Amino acid sequence: MYSFENITNSIHSGLVRTLSPTVALLCEFAIVGLCAITLFALLGLVLVLMERKVSAYMQIRRGPNRVGPAGMFQTVADTLKLAVKEGLTPDGADKFLFNLAPFVVMIVAMMILAPIAFARGFQIWDMNIGVLYVSAVSSVSVIGILMAGWASNNKYSLLGAMRSGAQILSYELSAGLSILSIIVLTGSLQISDIIASQQNGWWIFKGHIPAVISFVIFIIAVTAETNRAPFDLAEAESELTAGFHTEYSGMKFALFFLAEYVNVFIVCAIGATLFFGGWMPLHVSGWQGFNHVMDYIPSSLWFFGKTFLLIFLIMWFRWTFPRLRIDQLLNLEWKYLLPISMFNLLLMTLVAIMGWHF
Amino acid sequence: MFLKKYLSDIFKAIRSLLTGMKLTGYYFTHRKEIITQQYPDNREEMKLPDRFRGEVVMIHDENNEHACTGCTACELACPNGTIKIITKFEVTKDGKKKKALDDFIYHLELCTMCNLCIEACPTDAIKMAQNFEHSVYDRSKLTKKLNNPGSKIREGVE
């Protein structure tokens, strides 16, 4: 049936026919870069509006509904506003680091896009250490945050950045261990292998109890990783006046803002890939007719549907739970999540060895 | 013992989190609960709460009579001098001279809608109306006389 592989193969063969292989490769780089930037722009547009509307309906009020039908063009208006705002650099700020920090955070968000499989055969780089790459590169974003806090020449920004850095580093442990427990089942770090192993059912169903515990820990840990509520002490409006990005305005603030939403999308995409099968439709082993029907729904629709469901879950967390203090946050990680995820890894290893999963 | 408390803490925490999520999920799925009123579009069928404090008006019945005796309790209760009572002496049927209300001057531009004058009035002559669109282009329109022309006090109020 219709698949993105046809498009990519035809573009590839067309380029190789007309140009020399090196130039064709460079052209493909440019096309992929353009697609990634377009995806970012679209994601920013959709996610900011989705956040505002979802948060409004959960607070029994309407969201933006004046700009365009049902408020669709609100994000366009917001982007225009941020683009024409004055980007003020504070007087004693370290100019090089101050200007570099938003770009570090943004580039890290773009780099993590590489191994994610958006649809069948539609991956930028299917490397053999896909999951490890994602986990490692996402740690680099802490540098951007610390740079922003330090270079702002503002002790409250620095405090916010230090808190945010401590929080992200701690929660990466739990997130990594819960990812690891699924890797124990698949036996491979490669994203395409992980998705292929879910051909007869998603890991969250096949790996019953340990996989469900793993998923819960993963969702909590990535909510904390991306500085989303209830773990947003570092950047909430009423705490430390926006923390590490207090002194940023105009386009640089827009980059931080966009990078936050894209990070949410990326961690949800990883969660959807590991626990819910990525682009793999819902298959139940043994029900051939059902599986056949599920295959008719395009794989990109499956992927984006699952990712947006997880994004909705993270937004639901934001508007339900009160904010955690920094000591309660670190307490939760080091005393509860980490021991449970280590124990869960042992349990999952036992399940994998004894073959007690489906 | 410690382990039992640890595990029971975790289960209680998860249950309370899920209870919270159930409530916000309920609000998300039930659009009927939305309390936002889309103001400029719903001016015809707008319904304000009963105790809404708009501006002070004097109650007149169908015979154009009011219940204000001119006792100036409201003028004394008002925190910033919004009300000014002007009284006159009129001769009653018995031939005695009695104080009666001449003009009830109300400065809408100064009023804070604090409701103290309504609470102070011993005869329930004034009340809070339900309109809030007070903008005018001419400042003198904000100084109002609350008793209708040609109205007098109802029998039996004093």
What residue among A:PHE256, A:PHE290, A:PHE276 shows peak mean-square fluctuation when chain A is described by a Gaussian network model with Cα springs under 10 Å? A:PHE290
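Which loop chymotrypsin sites (Phe, Trp or Tyr not before Pro) in the stretch B:45-107, with loop taken from DSSP, have no more than 15 other Cβ atoms within 10 angstrom of their Cβ?
On the way: sites: B:PHE52, B:PHE89, B:PHE104, B:TYR106; in loops: B:PHE52.
Qualifying residues, ordered by number: B:PHE52.
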Only sites in a loop by DSSP and with at most 11 other Cβ atoms within 10 Å count here; which chymotrypsin sites (Phe, Trp or Tyr not before Pro) in the stretch A:1-48 make the cut? A:TYR2
Sorting B:VAL56, B:THR69, B:THR87 by the position of each Cα along the dipole of the stretch B:56-153 (Lys, Arg +1; Asp, Glu -1; all at Cβ), the one nearest the positive end of that ordering is B:THR87
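At a threshold of 8 angstrom on Cα-Cα distance, excluding pairs fewer than six apart, so keeping six or more, what relative contact order does chain A reach in percent? Don't jump to the answer; show the numbers that get you there.
Working: 482 pairs, mean separation 76.8, N = 358.
Answer for chain A is 21 percent.
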Per-residue average of other protein chain Cβ atoms inside 10 Å, peptide A:335-341 -> 1
Taking the Cα atoms only, what angle lies between the long axis of helix B:2-29 and the longest principal axis of chain B, rounded to 10 degrees? 50
Please list 3J(HN,Hα) in residue order for the stretch B:117-125, calculated via the Karplus relation 6.51 cos²θ - 1.76 cosθ + 1.60 where θ = phi - 60°; whole Hz, with x for glycine and proline. 5, 5, 5, 7, 5, x, 10, 6, 7
If packing is taken as the mean number of other Cβ atoms within 10 Å per residue, what is the order of B:61-67, B:71-77, A:213-219, highest first? A:213-219, B:71-77, B:61-67
Please give the length that would be gained between A:ALA83 and A:LEU42 if that part of the chain were fully extended, namely 0.36 nm times their separation in residues minus their C-alpha to C-alpha distance (nm, one decimal). 13.1 nm
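Pairs on different chains or at least eight residues apart, Cα atoms closer than 19 Å: how many lysine pairs in chain A fit? The partial results should precede the final answer.
Details: A:LYS81/A:LYS252; A:LYS85/A:LYS95; A:LYS85/A:LYS252; A:LYS95/A:LYS155; A:LYS95/A:LYS252; A:LYS206/A:LYS306.
Within chain A, the lysine pair count is 6.
Taking each residue in A:57-63, count the Cβ atoms of any other chain within 10 Å of its Cβ, then average. What number comes out?
Numbers: counts 8, 8, 6, 11, 5, 5, 1.
Counting Cβ atoms of other protein chains within 10 Å of each residue's Cβ and averaging gives 6.
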Could you calculate the FRET efficiency of B:PHE11 with B:ARG31 from 1/(1 + (r/R0)^6), where r is the beta carbon distance between them and R0 is 35 Å, rounded to 0.05? 0.55
Return, in residue-number order, each cysteine of chain B whose C-beta is not under 4.7 Å from any other cysteine's C-beta. B:CYS68, B:CYS71, B:CYS78, B:CYS111, B:CYS114, B:CYS121
Out of A:MET147, A:PRO322, A:ALA83, whose Cα points farthest toward the positive end of the dipole of chain A (charges: +1 Lys, Arg; -1 Asp, Glu; placed on Cβ)? A:PRO322
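Using a 10 Å Cβ count of at most 16 others and DSSP loop calls, identify the longest part of chain A lacking such GluC sites (Glu not before Pro).
The segment A:87-236 is the longest one with no such site.
With contacts defined as alpha carbon pairs under 8 Å and 6 or more residues apart, what's the relative contact order of the stretch A:59-144 in percent? Don't skip to the end; give the middle numbers.
On the way: 47 pairs, mean separation 19.0, N = 86.
Worked out over the stretch A:59-144, it gives 22 percent.
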Expressed as a whole number, the average count of other chain Cβ atoms within 10 Å around the Cβ atoms of B:12-20 is 2
Per-residue HN-Hα couplings for the stretch B:71-76, Karplus 6.51 cos²θ - 1.76 cosθ + 1.60 at θ = phi - 60°, whole Hz, x for Gly and Pro? 7, 6, 5, 5, 5, 6
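Of the chymotrypsin sites (Phe, Trp or Tyr not before Pro) in the stretch A:53-100, which ones lie in a loop per DSSP and count no more than 10 other C-beta atoms within 10 Å? Could the numbers behind the result be given before it?
Values: sites: A:TYR57, A:PHE73, A:PHE96, A:PHE98; in loops: A:PHE73.
Listed in order of number, the matching sites amount to none.
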With θ set to phi - 60°, apply the Karplus curve 6.51 cos²θ - 1.76 cosθ + 1.60 along the stretch A:177-191 and write out the HN-Hα couplings as whole Hz, x wherever there is a Gly or Pro. 5, 6, 5, 4, 5, 7, 5, 4, 6, 7, x, 8, 8, 6, 5
Sticking with the crude label model, points 7 Å out along Cα→Cβ, report the distance from A:VAL284 to A:ASP126 in nm, one decimal please. 2.9
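Could you give the size of the charge dipole of the protein assembly as shown about its Cα centre, using +1 on the Cβ of each K and R and -1 on the Cβ of each D and E, expressed in debye and rounded to the nearest 20? Mind dumping the intermediate values first?
On the way: 45 positive and 42 negative charges, 150 e Å.
Roughly 720 debye for the protein assembly as shown.
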Charged-residue dipole, Cβ positions (Lys, Arg, Asp, Glu), chain B about Cα centre, Debye nearest 20: 820
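Where a number appears in this text, it was derived from the coordinates with a stated rule and is not lab data. Everything quoted here is computed from the prediction, not taken from an experiment. FYI the Cβ positions are ideal-geometry reconstructions off the backbone, even for glycines, and counts take in every protein chain you see.
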